[in-house]
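Following: one structure in structure tokens, then a few remarks.
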Amino acid sequence: MATYKITVNGQRRDVTVDPSTPLLWVLREELKLTGTKYGCGIGLCGACTVHLAGEATRSCGLPVSDVGDQEVVTIEGIGGDRVGRIVQEAWVEKDVVQCGYCQSGQIMAAVALLKVTPRPSEADVEGTMTNLCRCATYVRIRAAIQDASTRLI
């Protein structure tokens with residue numbers, strides 16, 4: 001066991017865990033931030049996507065010992081950001097969510113995309129949004145991203 005000081009959603013937090021504990025489990029079990037979901041456990045589906053130093057990162061395979069001083073932002077904190085708030089509003093207005101399980105990861109990936117590419121082409125969206133949705137809400141996800149893009153001006 002080791003104690004790590006990590007910054008999550010703007011707050012410095014201390015956690016005492018095994019160094020190999022994935023960030024996902026630190027968020028969910030130690031910090032009770034359950035919006036980030038466990039999906040495949042091998043970083044493929046994207047349900048566990050958070051922002052690490054501003055980049056969309058799959059947290060299920062990332063040991064907490066690798067986080068260091070990089071800021072972590074979860075779905076619970078993304079609404080404090082202008083782009084995050086706009087994406088969340090677009091998600092609601094486009095009625096994207098079906099079962100909802102993957103949506104926190106989808107939103108985190110979309111926000112990361114729009115921060116780097118505020119006017120994404122369909123190819124940009126297709127190439128970046130690799131998160132899986134078992135309800136296949138991909139058409140609504142793409143519509144929400146394009147809608148959010150128009151609001152960023």
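The values are calculated or read from the model by the stated rules, or taken from the named source; none is laboratory data. Because the structure is a prediction, the values reported are computed rather than measured. As a convention, Cβ positions derive from the backbone with ideal geometry for all residues, glycine included, and neighbour counts pool all protein chains shown. The accessibility values were calculated without ligands, DNA or RNA, using every heavy atom of the protein model including side chains. Shrake-Rupley method; radii C 1.70, N 1.55, O 1.52, S 1.80 Å.
Listed values, structure above:
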quantity	calculated
Residue ID - farthest from the chain's Cα centre (by Cα), chosen from residues in the range 75-93 that are within 14 Å of S104 (Cβ to Cβ) and either without any contact (Cβ under 8 Å) to a residue 12 or more places away in the chain or assigned to a helix (DSSP H, G or I) (or both)	V92
Qualifying residues in the range 111-132 (those that are hydrophobic (A, V, I, L, M, F, W, C) and in a helix (DSSP H, G or I)) - the one surrounded by the most Cβ atoms within 10 Å (Cβ to Cβ)	V111
Those residues of the range 71-110 which are under 22 Å from L31 (Cα atoms) and open to solvent by 20 Å² or more (accessible area, probe 1.4 Å), in sequence order	E71, V73, I75, E76, G77, G79, G80, D81, G100, Y101
Filtered residues of the range 11-53 (kept if open to solvent by less than 50 Å² (accessible area, probe 1.4 Å) and either on the phi > 0 side of the Ramachandran plot or at pLDDT below 95 (or both))	G41, G43, G46
All positions within the range 7-23 that are in contact (Cβ under 8 Å) with a residue 24 or more places away in the chain and in contact with a Leu (Cβ under 8 Å, 6 or more places away or on another chain)	V8, N9, V15, P22, L23
Any hit, the range 54-70, residues being crowded, with 20+ Cβ neighbours inside 10 Å, in a helix (DSSP H, G or I) and free of Cβ contacts under 8 Å to residues at least 40 places away in the same chain	no
